[in-house]
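Presented below is the structure to which this report refers.
The values are calculated or read from the model by the stated rules, or taken from the named source; none is laboratory data. Since the model is a prediction, treat every value here as computed from it, not as a measurement. Virtual Cβ from ideal backbone geometry, glycine too; neighbours counted across all protein chains shown. Calculation scope for accessible area: heavy atoms of the full protein, side chains included, ligands and nucleic acids excluded. Shrake-Rupley method; radii C 1.70, N 1.55, O 1.52, S 1.80 Å.
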Amino acid sequence: DLGEYAYHFVNWLQAHGQSIWQILPLGPTSYGDSPYQCLSAFAGNTNLISLDKLVADGYLTEDDLADVPNFPAHIVDYGPVIDYHTDKLTLAFERFKTDATDAQRAAYDAWYESNQHWLDDYALFIAIKNDHGGKPWVEWDDSLALREDAAMQDASQRLADPIARHKFQQWVFYEQWSALRQYANERGIRLVGDIPIFVAHDSSDVWANRERFYLDEKGNPMVVAGVPPDYFSETGQRWGNPLYRWDVMEEQGYAWWISRLQATFELVDLVRIDHFRGFEAYWEIPATEETAINGTWVKGPNIKVFKAIEAELGALPIIAEDLGEITKEVIELRDELGLPGMKILQFAWSDPKNPFLPHNYVQNCVAYTGTHDNNTTV
């Protein structure tokens, strides 16, 4: 979690002359616990909150943490861990309501004001989802799934306490993460974050912004993301993420993307954009297809989205994940933006001209031993 051992890890990195700590997406995960299928592109994973730090803040006591179950040491047993953690975070919220200092309340209020643009939707989404036993939003009552005004007002009032609790937990996550990031930066360690190009269908991002995605009248995806068949898979990869209506995004000045980058850079110093090639062209699969074989390449927004982001936020330290089926157009987009691509050592061993061999690297790149699709180098 974000307690003592995270700080030990930063010290270990510093002691060994390291200056980069790259992390997976930090969002709240759902069934399967994959950080690439998060319930929000903005929220943090509250399972990372340090309960010990909540003791130091006065929201929990040592006695509250005296009943830690004997969790297995060699794996994360997600279900029981999450249940235990959630119970303690709920108790911390109750203490915050009754015992928070004026300074703590003021800090929360200031943070809430800066994050209200995504936090209100997310907290309401999670509260309704939990009220429906965790079901995906398309399986809720239509009035809630499609955000009818009367149903939204009723849910907001009926679930006011859990909504407030989820907002509190997000504030605690951001506070703890920011403290860890500052500690790392002071020791010469920069954090590299990760932005998956697509978001999960079962997320507050899609539920609250249906007009930005290709969905039918019930909210189900009409087309989904993936990649065509390659040497990893004969049937390709059908990821299942809904695809953006880039025309709508453009009409809105790419505001959602600007907000997403802005929120990510609150947490990290650099960011890798996963599946960068999707901005040039992406593999569109009819949602009725079970595999990724019968898809088509569709042109993406190309440089326009990045120009809109730069106009608002300035030049950003982005790494382009330019792996997979890469075309001349993708390379031109990457180079026009001046972004470093990725080199993978484990892909290198075929012939002397292989671009992944170190003597063939261009200067503007980031080298890795492998990716999350490879075994470790050992």
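The distance between label points at Asn364 and Thr288 comes to 4.5 nm (points 7 Å beyond Cα on the Cα→Cβ vector).
Taking 0.36 nm per residue of separation and subtracting the Cα-Cα distance, full extension of the segment from Ile23 to Glu148 would add 41.2 nm.
For segment 224-340, the per residue solvent-accessible surface stands at 44 Å², with DNA, RNA and ligands left out and a 1.4 Å probe. On the beta carbon distance between Asp373 and Glu217, with R0 = 30 Å, the FRET formula returns roughly 0.25. Relative contact order for the chain: 14 percent, from Cα pairs under 8 Å spaced at least 6 residues apart, divided by residue count. The simple spin-label model puts a point 7 Å past each Cα toward its Cβ; for Gln262 and Ser233 those points are separated by 3.5 nm.
Per atom type, the chain shows carbon and sulfur on 51% of its accessible surface, probed at 1.4 Å. Remark: accessible surface ordering of Ser30, Ser204, Ser114 (largest first) is Ser114, Ser30, Ser204, probe radius 1.4 Å.
Among the GluC sites (Glu not before Pro) in segment 160-239, those placed in a DSSP loop whose Cβ has at most 12 other Cβ atoms within 10 Å are Glu217, Glu234. Fully extending the segment from Trp297 to Thr98, taken as 0.36 nm per residue of separation minus the present Cα-Cα distance, adds 66.1 nm. Take the Cα of Glu310, step 7 Å toward its Cβ, do the same at Asp52, and the gap between the two points is 4.5 nm. Whole-Hz Karplus values for segment 76-81 come out as 8, 8, 3, x, x, 4 Hz, taken residue by residue from phi with 6.51 cos²θ - 1.76 cosθ + 1.60 and θ = phi - 60°; glycine and proline positions read x.
Close amide H partners of Phe213, meaning residues 5 or more places away or on another chain with modelled amide H under 5 Å apart, are Arg245.
Would you kindly state the longest site-free stretch of the chain, with sites defined as chymotrypsin sites (Phe, Trp or Tyr not before Pro) in a DSSP loop (not H, G, I, E, B) surrounded by at most 12 other Cβ atoms within 10 Å? With a cap of 12 other Cβ atoms within 10 Å, the longest stretch comes to 32-230. Look at the alpha carbon pairs under 8 Å that are at least 6 residues apart: their mean separation over the length of segment 245-347 gives a relative contact order of 30 percent.
Adding -39500 (n - 2.57) for every DSSP H run of four residues or longer, then dividing by how many residues the chain holds, sets the calculated 222 nm ellipticity at -12500 deg cm²/dmol. Counting only heavy atoms of the protein chains and using a 1.4 Å probe, Val366 has close to 40 Å² of accessible surface. Segment 167-202 and segment 334-355 have Cα centres separated by 28 Å. The residues of segment 7-164 expose on average 53 square angstrom of accessible surface per residue, using a 1.4 Å probe on protein heavy atoms. Under the criterion of Cα pairs below 8 Å and six or more residues apart, the relative contact order for segment 58-167 equals 27 percent.
Among the lysines, which fall within straight-line cross-link reach of Lys343, defined as a Cα-Cα distance under 29 Å, with same-chain neighbours fewer than 8 residues apart omitted? Qualifying lysines at Cα under 29 Å: Lys299, Lys304, Lys307, Lys328, Lys353.
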